[in-house]
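Presented below is the structure to which this report refers.
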Amino acid sequence: MLSENMQKAINLQINAELYSSYLYAAMSMYFESVDMSGAAKWMNSQAQEELVHAAKFMNYVNEREGRVILDAIAKPPVEWKSVLDAFNGALEHERKVSSMINNLVTLAREENDHMTDNFLQWYVAEQVEEEVSAGEVVRKLRLIGDSGGGRFMIDNELGQRIFNPPVSSEE
Ligand SMILES: [Fe+2]
Ligand SMILES: [Fe+2]
């Protein structure tokens with residue numbers, strides 16, 4: 001069974017993953033409002049991926065005979081100054097999530113909870129991917145600057161992203 005402490009910490013993380021989804025959905029809607037449908041699609045895929053992150057945690061708590069408590073999800077921002085501003089926000093957010101995951105690993109180790117430690121390693125690897133993919137877009141946007149042609153190109157490229165739902169319901 002999960003310790004009370006660990007259960008509380010994972011419940012907080014579930015809320016953070018759901019907030020991530022809400023944040024990326026808000027970014028997606030912002031991109032729609034500035035006619036960047038490719039970037040909107042990219043963020044929509046990201047929003048769906050975050051739901052998978054939350055579901056994976058929920059499933060784990062249940063498997064360990066814990067109890068998932070769903071709390072209120074905070075209101076995300078509505079507007080961003082630019083496309084770069086939004087992707088910068090996404091990168092900053094993922095860095096924050098990475099440190100939350102690191103803290104969970106630390107807690108698992110302090111509690112000698114090897115099962116949770118092992119479970120969390122999937123998220124440790126995933127956070128590398130998250131920071132890399134948001135960081136790549138930020139770098140490209142910086143190179144492009146504010147030119148209309150570059151914006152068009154990157155929007156096209158971001159629109160190629162496809163969300164692949166996990167095959168197993170446990171993921
Ligand atoms: Fe996540
Ligand atoms: Fe990811």
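The values are calculated or read from the model by the stated rules, or taken from the named source; none is laboratory data. Everything numeric in this text was worked out from a predicted model, so none of it was measured. Every residue, glycine among them, receives a Cβ derived from its backbone with ideal geometry; neighbour counts consider all protein chains shown. What goes into the accessible areas is simple: the full protein's heavy atoms, side chains included, and nothing from ligands, DNA or RNA. Shrake-Rupley method; radii C 1.70, N 1.55, O 1.52, S 1.80 Å.
Taking the condition more than 14 Å from ligand 1 (Cβ to nearest atom), open to solvent by 50 Å² or more (accessible area, probe 1.4 Å) and touching a helix residue (DSSP H, G or I) at 6+ places or on another chain (Cβ under 8 Å), does Ala74 pass? Criteria met by Ala74. Being within 16 Å of ligand 2 (Cβ to nearest atom) and open to solvent by 10 Å² or more (accessible area, probe 1.4 Å) is the requirement here; does Glu65 meet it? Against the criterion (within 16 Å of ligand 2 (Cβ to nearest atom) and open to solvent by 10 Å² or more (accessible area, probe 1.4 Å)), Glu65 does not qualify. For the stretch 10-24, a residue qualifies if it is of a type in the set (A, V, I, L, M, F, W, C) and surrounded by fewer than 18 Cβ atoms within 10 Å (Cβ to Cβ), and exactly one does: Leu12. Give the residues of the stretch 57-71 that are of a type outside the set (Gly, Ala, Ser) and either under 11 Å from Met1 (Cβ atoms) or not in a loop (DSSP other than H, G, I, E, B) (or both), sorted by residue number. Passing the criteria: Phe57, Met58, Asn59, Tyr60, Val61, Asn62, Glu63, Arg64, Glu65, Arg67. Residues that are farther than 25 Å from Gly66 by Cα and more than 11 Å from ligand 1 (Cβ to nearest atom) were ranked within the stretch 91-103; the one that is surrounded by the fewest Cβ atoms within 10 Å (Cβ to Cβ) is Glu92.
Within the option set Gln7, Gln48, being touching a residue at least 60 places away in the same chain (Cβ under 8 Å), within 16 Å of ligand 2 (Cβ to nearest atom) and either of a type outside the set (A, V, I, L, M, F, W, C) or open to solvent by less than 60 Å² (accessible area, probe 1.4 Å) (or both) holds for one residue only, Gln48. What about Leu104, is it among the aliphatic types (A, V, I, L, M), within 16 Å of ligand 2 (Cβ to nearest atom) and in contact with a Phe, Trp or Tyr (Cβ under 9 Å, 6 or more places away or on another chain)? Taking the combined requirement at face value, the residue does not satisfy it.
Selection over the stretch 104-163 of residues that are under 19 Å from Ala54 (Cα atoms), open to solvent by less than 80 Å² (accessible area, probe 1.4 Å) and within 16 Å of ligand 1 (Cβ to nearest atom) gives a count of 13. Among residues that are crowded, with 18+ Cβ neighbours inside 10 Å, closer than 17 Å to Asn156 by Cα, more than 14 Å from ligand 2 (Cβ to nearest atom) and not charged (D, E, K, R), Ser28 is included. Taking residues in the stretch 64-79 that are over 27 Å from Met43 (Cα atoms) and without any contact (Cβ under 8 Å) to a residue 24 or more places away in the chain, and partners anywhere that are exposed (fewer than 11 other Cβ atoms within 10 Å of the Cβ) and among the small types (Gly, Ala, Ser), not one pair has Cβ atoms closer than 9 Å while being at least 6 places apart or on different chains. Could you check, for the stretch 98-115, whether at least one of its residues is within 15 Å of the chain's Cα centre (by Cα), among the small types (Gly, Ala, Ser) and modelled with pLDDT of 95 or more? Yes, the stretch 98-115 contains at least one residue that is within 15 Å of the chain's Cα centre (by Cα), among the small types (Gly, Ala, Ser) and modelled with pLDDT of 95 or more. Hey, among Asp85, Asp113, which residue is away from ligand 2 (no atom under 16 Å from the Cβ) and more than 22 Å from Met1 (Cβ to Cβ)? When all the criteria are applied, what remains is Asp85. Tell me, which residue of the stretch 20-52 that is in a helix (DSSP H, G or I), within 15 Å of Val78 (Cα to Cα) and away from ligand 1 (no atom under 16 Å from the Cβ) is farthest from the chain's Cα centre (by Cα)? Residue satisfying both the conditions and the ranking: Ser33.
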